[in-house]
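Asks: Below is one structure. I have some questions about it.
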Amino acid sequence: MQTQSAPQRQDSDTSASTRSAAGPGPRDVPRAGDDTLLRPRLFPTPDNPIPPAVADPRRHTVGFFTGAGGRRLRYAVFRSGDAAAKGTVVLLHGRNESIEKYFEMVGDLVARGLWVATFDWRGQAGSERLLKQLRRGHVRRFSDYEEDLSIFLEKIVLPDTRLPFFLVAHSMGALVALAQAPRLATRIDRMVLNAPFVALGNQRMSHGKIGLLSAAFSLFGLGALALSKEQPMLFPQNLVSSDPVRYARNAEIAQAHPELALGPPSARWLHETFRAIRRVTRREHLTRITVPTLLLAPTRDRLVPYAAIEALARNFRAATLIPIDGARHEVFQEDDRYRAQAIAAIDAFIPGSTGPDVTESLSGDDMLVL
């Protein structure tokens with residue numbers, strides 16, 4: 001199976017810390033018992049600074065919270081300078097992503113008078129790793145991700161940020177949001193899910209065969225093994241963005257701070273994730289979701305095929321499908337002509353923004369309402 005990994009000069013998702021401007025070296029990858037976990041920080045790079053509006057330590061908080069099973073997870077809250085905040089966006093990343101990779105997105109949201117609360121998933125970026133092979137993406141149970149999100153909402157978002165609450169998620173983060181969505185109606189007003197990870201494309205084996213193989217590895221105690229090798233991906237071969245500047249910026253983050261990056265996922269991660277995909281794409285699950293949801297679907301996505309998101313939308317009555325024609329998987333890291341469409345859709349969908357309601361601003365062939 002092929003997996004997307006960062007090139008040799010990887011993006012540096014680094015941001016400044018509220019406690020230290022210097023980030024740890026490669027030997028300081030967060031792990032159980034490591035003193036690094038007691039020093040929460042962000043890791044900026046020259047091309048990826050903390051957004052100016054929240055660079056002042058009084059405008060952001062960085063820390064750790066205790067997730068499911070006692071795992072220590074890094075989080076950050078960014079506060080707009082507006083006297084009356086318009087609400088808080090809970091921002092959920094994809095696999096092998098970090099808080100730093102979303103600095104630009106944080107800046108966009110804060111400029112709209114919104115606060116942003118976000119965290120690194122267990123086993124990646126600045127959160128505690130789960131295996132001795134520190135670069136291997138792993139999870140024991142997908143429900144751990146769901147519980148981590150629930151704890152984050154209860155312990156960080158609800159007491160420390162501003163109502164109303166919205167959720168913006170990408171890829172794996174969107175899958176976690178879908179899994180939790182039936183229980184989010186009393187907490188989240190609206191959700192925006194970009195390229196939710198509901199199928200895996202562009203692999204040497206089919207989605208089904210990968211599922212069977214990863215299940216077999218997990219059954220026989222080999223779940224910590226990877227099914228593929230880490231391969232550097234240079235910009236011309238990449239599947240996630242057509243924007244060379246943003247791609248280079250993100251590659252630089254991992255080059256400057258390799259402790260934030262991951263290699264291929266473990267067989268167990270694939271097995272648990274595929275089980276979650278089967279669960280959340282069932283009609284009975286989707287009909288239980290009542291949170292109004294915007295599905296952003298890049299039409300040139302080779303990792304999560306557009307057809308899979310379109311099929312999801314057919315059974316998802318609370319969702320509006322917005323195709324982003326020509327965009328690749330990481331729409332928020334895409335060229336401006338694609339990224340601007342996604343930002344405009346968010347503006348139109350989240351109350352209190354400068355745009356009209358999305359169902360009024362888009363009609364006919366521009367959208368599919370289900």
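Asks: Just to confirm my filter: which helices (runs of 4 or more DSSP H) fall fully inside the range 237-292 and include at least 3 residues that are among the aliphatic types (A, V, I, L, M)?
Replies: 244-256, 267-280
Asks: If only one of Val192, Val245 is of a type outside the set (Asp, Glu) and under 26 Å from Ala117 (Cβ atoms), which one is it?
Replies: Of Val192, Val245, the one residue that is of a type outside the set (Asp, Glu) and under 26 Å from Ala117 (Cβ atoms) is Val192.
Asks: Looking only at the range 321-365, filter to residues that are β-branched (Val, Ile, Thr) and at pLDDT 95 or above; which one of those is nearest to the chain's Cα centre (by Cα)?
Replies: Val331
Asks: Which ones in the range 52-74 are assigned to a strand (DSSP E or B), of a type in the set (A, V, I, L, M, F, W, C) and within 19 Å of Val110 (Cβ to Cβ)?
Replies: Val62
Asks: Any residue at all in the range 218-226 that is aromatic (Phe, Trp, Tyr) and either in contact (Cβ under 8 Å) with a residue 12 or more places away in the chain or crowded, with 21+ Cβ neighbours inside 10 Å (or both)?
Replies: Keep residues of the range 218-226 that are aromatic (Phe, Trp, Tyr), which gives 220.
Imposing the further condition that a residue be either in contact (Cβ under 8 Å) with a residue 12 or more places away in the chain or crowded, with 21+ Cβ neighbours inside 10 Å (or both) reduces the set to none.
No, there is no match, as no residue in the range 218-226 is aromatic (Phe, Trp, Tyr) and either in contact (Cβ under 8 Å) with a residue 12 or more places away in the chain or crowded, with 21+ Cβ neighbours inside 10 Å (or both).
Asks: I would also like to ask the following. Can you tell me which residues in the range 298-326 are over 23 Å from Glu146 (Cβ atoms), assigned to a strand (DSSP E or B) and hydrophobic (A, V, I, L, M, F, W, C)?
Replies: Result: Leu321, Ile322, Ile324.
Asks: Looking only at residues that are in contact with a Pro (Cβ under 8 Å, 6 or more places away or on another chain) and among the hydrophobic types (A, V, I, L, M, F, W, C) in the range 259-296, which one is farthest from Phe43 (Cα to Cα)?
Replies: Restricting to residues being in contact with a Pro (Cβ under 8 Å, 6 or more places away or on another chain) and among the hydrophobic types (A, V, I, L, M, F, W, C), the top hit is Ile289.
Asks: Show me the strands (runs of 3 or more DSSP E) entirely contained within the range 93-195 in which 1 or more residues are crowded, with 24+ Cβ neighbours inside 10 Å, in contact (Cβ under 8 Å) with a residue 60 or more places away in the chain and polar (S, T, N, Q). Give the derivation first.
Replies: On the way: elements: 115-119, 165-170, 190-194.
Of the strands (runs of 3 or more DSSP E) lying wholly inside the range 93-195, those with at least 1 residues that are crowded, with 24+ Cβ neighbours inside 10 Å, in contact (Cβ under 8 Å) with a residue 60 or more places away in the chain and polar (S, T, N, Q) span 190-194.
The values are calculated or read from the model by the stated rules, or taken from the named source; none is laboratory data. Keep in mind that what you see is a predicted model, and the values were worked out from it rather than measured. With ideal geometry, Cβ positions are generated from the backbone for all residues, glycine too; neighbour counts draw on all protein chains shown.
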